[in-house]
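Please read the structure below before turning to the comments.
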Amino acid sequence: MDLVLVLAIQALYAIASLALISIGLAVIFGMMRVINLAHGEFLMLGGYSAIVATRHGINLWVAMLVVAPLVVGAIGLVVERTLIRFLYGRMIDTMLATWGLSLFLIGLVTGIFGNTTVGISAPLGGMAIGNYRTSIYGLVVIAITALLLAAIWLMLRYTRLGLFARGTMQNPNMAAALGLSPSKVHAVTFGAGAALSGLAGALLAPVSGVFPTIGVAYIAKAFITVIGGGAAILSGTVAASALFGVVQEISTFLTTPVFGVVITLAAAVVLIRLLPQGITGRFFKRGL
Amino acid sequence: VSARSRDLLGLALAGAIGLAAAVALPRLLELSALLDVTVYLIMSILALSLALVWGYGGILCFGQSAFFGLGAYAYAIAVFNIGDSTLPAALAIVLPAAFAALLGYFMFYGRISDVYLGVITLTVTLILFNSVNSTAGPEYRIGTAPLGGFNGIPAIPPLNLPGDPQAALGLDDLFYLAIVLLMATYFGLRWLLASRFGRVMVAIRENEQRAEFLGYDSRLYKLATFTIGGGLAGLAGCLFANWGAFVSPTIFGLGQSAQIIIWVIVGGRGTLIGPVVGCILIQWLTAYLGSGQLAQSGGLTQLKASLSRMLGPAVGDAFSSVLGIVDLSNTSLVLGAVLLAFVLLVPKGIVPTLLDVVRRPARAGLRAAGDVGHGKPRRAA
């Protein structure tokens, strides 16, 4: 019984971390049809922001939940204004430019912080479940992810800003005719996606540590989750995270962590072949 | 000058440059410099493989390094097991081509859109990188060849004359082999592009739907293009494994894939000579910056001094504090900046942009005579 509980918590954590690293990308891709290959670096910058902030004496929770999203969100706004907005409608060029940005950011951060892993220890310690121990921080990450997804859903569904965002996403010309500025909505959306990525990177920093090329470890997982999920931002991300999280946990359990990731990626490639529109292209079509 | 004679002129020029390089470089350069040139030539073959797949086939493959790495590993593993290098060299081309065919079948016959194609090729590259990287233990071996994991495979035997393992190729022989194969690849691709197959391929790139309405199965043509590109990348991988007598999983890495794309975009899509130029230019640039010669030459100090003189000392100080953070010997920083700059400012690449500049006076003359100008401007070929 205890073992089942521990395994369930691990699987939930795998699902939550997948959803966490993907949600920023999902918002940017789903809303704006922009493939942001610098997404991994946004996560990396979130991690560094949190660590630098705590070193300057800011409370760890404030650093992770407030400072990191603000810093990375601001960076996202700058990137959108100086780079992305010139490339709307040119998907391939956007991919290339953001890949350039990704390399550039890796180089820049390596120059500033050096090519070493920095970390902060995970707070809150452990907890006993029968004969097993589990980290309380993992449970907190699961809870924060659930809250975050709920907050995004509420915002998109019930607020004016969410309405603007969804309207612009569906038909930018019509939104413009009704007096909205799609350019502003895009800038805010990109900034929000970047802020979510910053938050995710900061939350995962105590677990994995941070180093300049950590984005590469995240990027493939984030992409398969978003593309596997399909058009609906939230239900797609949750469905794909649940599927791939479980696949990853089972295959890691049966082989090694590295091959667990490999099997998950391979499963994702097969899924994209079977469901080119993603999970929400076939199921949960009315989701958000 | 008619288009046809310009084509022939270009071919003759490319052949002449290649021959001149093959004759002159070994006489002019020391062996170490010749080795540097050899790797430029090998990478140029790799650049040509993506020039075909992306520049002419319109298939943006983010994982060309997967086929490059597979070729290198196939050669290394087979040559350890077999000894004579003839079959391993063939395997280094056939295996990546077969893998490209499999992956291509999966993607093109699934009618996956461009963007997803990019993500899938990227993911496959990462799968290969992760798998090979984690095979460090002695239990991972194929035949007599240990896979070596993140340590790579050292001391790979060089190519030899077919059937005679004793007659191994020396380092200067590898230069000749590389330049001959590069020229063969270049002229072979020119021939392919001039053939019916090549014309259909470009037609599909320009307008896939229209080509299908005309009765061409775009899936098959894309698959064939992708497979040829995979085989060429494998050939480059085989030569690369020979060049350093060493392979490691980093050749599967994203950094390697990014470089190939940068060569093509810098040189220019839709040309063959462009990616070769881009490849040599970028490799030379990263080698130059990486060796720190720029800092030693004092050019930066002079630049700072002249900035201070012209714009005030504050600008000069700002320049040196930026240099304190921005390490120009850092490859990814420079490559990232180059990629960004080209996508935003020179999206066509160097060679097509230069050609436009050369041809513009002629076209302007025509426009003045009222010859051109019905509706939309013509697309550059």
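The values are calculated or read from the model by the stated rules, or taken from the named source; none is laboratory data. All values derive from a computational prediction rather than experimental measurement. Neighbour counts run over all protein chains shown; Cβ positions are idealised from the backbone, glycine included. Note: accessible area is taken over every heavy atom of the protein model, side chains too, but ligands, DNA and RNA are not part of it. Shrake-Rupley method; radii C 1.70, N 1.55, O 1.52, S 1.80 Å.
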**OP:** For A:Thr168, state whether it is more than 19 Å from A:Ala202 (Cβ to Cβ), touching a strand residue (DSSP E or B) at 6+ places or on another chain (Cβ under 8 Å) and open to solvent by less than 90 Å² (accessible area, probe 1.4 Å).
**Re:** no
**OP:** Could you check A:Ala150 against (1) within 21 Å of the chain's Cα centre (by Cα); (2) open to solvent by less than 30 Å² (accessible area, probe 1.4 Å); (3) of a type outside the set (Asp, Glu) and say which number it fails?
**Re:** (2)
**OP:** Six or more apart or on different chains, Cβ under 9 Å: which pairs go from a residue in region B:124-142 that's within 27 Å of A:Val270 (Cα to Cα) and open to solvent by 20 Å² or more (accessible area, probe 1.4 Å) to one that's among the hydrophobic types (A, V, I, L, M, F, W, C) and not in a helix (DSSP H, G or I)? Could you list them?
**Re:** B:Val132/B:Leu147; B:Tyr140/B:Leu147
Original post:
Is at least one residue of region B:255-266 under 26 Å from B:Gly10 (Cβ atoms), open to solvent by 20 Å² or more (accessible area, probe 1.4 Å) and touching a helix residue (DSSP H, G or I) at 6+ places or on another chain (Cβ under 6 Å)?
Top reply: no
**OP:** Filter region A:17-53 for residues that are surrounded by fewer than 24 Cβ atoms within 10 Å (Cβ to Cβ) and either without any contact (Cβ under 8 Å) to a residue 24 or more places away in the chain or over 23 Å from B:Leu117 (Cβ atoms) (or both) and give the result.
**Re:** A:Ile51, A:Val52, A:Ala53
Original post:
Residues in region B:321-328: is at least one surrounded by 18 or more Cβ atoms within 10 Å (Cβ to Cβ) and either at pLDDT 70 or above or in a helix (DSSP H, G or I) (or both)?
Top reply: no
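Listed here are the residues, each with its yes/no results for (1) at pLDDT below 90; (2) more than 14 Å from chain A (Cβ to nearest Cβ); (3) out of contact with any Phe, Trp or Tyr (no Cβ under 9 Å at 6 or more places or on another chain); (4) not in a helix (DSSP H, G or I).
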{"position": "B:Ala33", "(1), (2), (3), (4)": "yes, yes, yes, no"}
{"position": "B:Phe68", "(1), (2), (3), (4)": "no, yes, no, no"}
{"position": "B:Ala74", "(1), (2), (3), (4)": "no, yes, yes, no"}
{"position": "B:Leu91", "(1), (2), (3), (4)": "no, yes, no, no"}
{"position": "B:Ala100", "(1), (2), (3), (4)": "no, yes, no, no"}
{"position": "B:Met107", "(1), (2), (3), (4)": "yes, no, no, no"}
Original post:
Within the bounds of region B:217-233, is there any residue that is hydroxyl-bearing (Ser, Thr, Tyr), under 25 Å from the mean Cα position of the chain (by Cα) and open to solvent by 70 Å² or more (accessible area, probe 1.4 Å)?
Top reply: no
Original post:
Within region A:191-208, is there a residue that is within 14 Å of another protein chain (Cβ to nearest Cβ), within 23 Å of A:Gly138 (Cβ to Cβ), open to solvent by 10 Å² or more (accessible area, probe 1.4 Å) and in contact (Cβ under 8 Å) with a residue 40 or more places away in the chain?
Top reply: no
Original post:
Are there any pairs, at least 6 apart or on different chains, whose C-beta atoms fall under 8 Å, with the first in region A:258-284 and in contact (Cβ under 8 Å) with a residue 12 or more places away in the chain and open to solvent by 30 Å² or more (accessible area, probe 1.4 Å) and the second in a helix (DSSP H, G or I) and aromatic (Phe, Trp, Tyr), and if so, which?
Top reply: A:Ala267/A:Phe244
**OP:** Mind listing whichever residues of region A:213-223 are modelled with pLDDT under 85 and open to solvent by less than 40 Å² (accessible area, probe 1.4 Å)?
**Re:** A:Ala220
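Would you check if there is a residue in region A:225-244 being within 24 Å of B:Leu128 (Cα to Cα) and surrounded by fewer than 23 Cβ atoms within 10 Å (Cβ to Cβ)?
Within region A:225-244, one or more residues are within 24 Å of B:Leu128 (Cα to Cα) and surrounded by fewer than 23 Cβ atoms within 10 Å (Cβ to Cβ).
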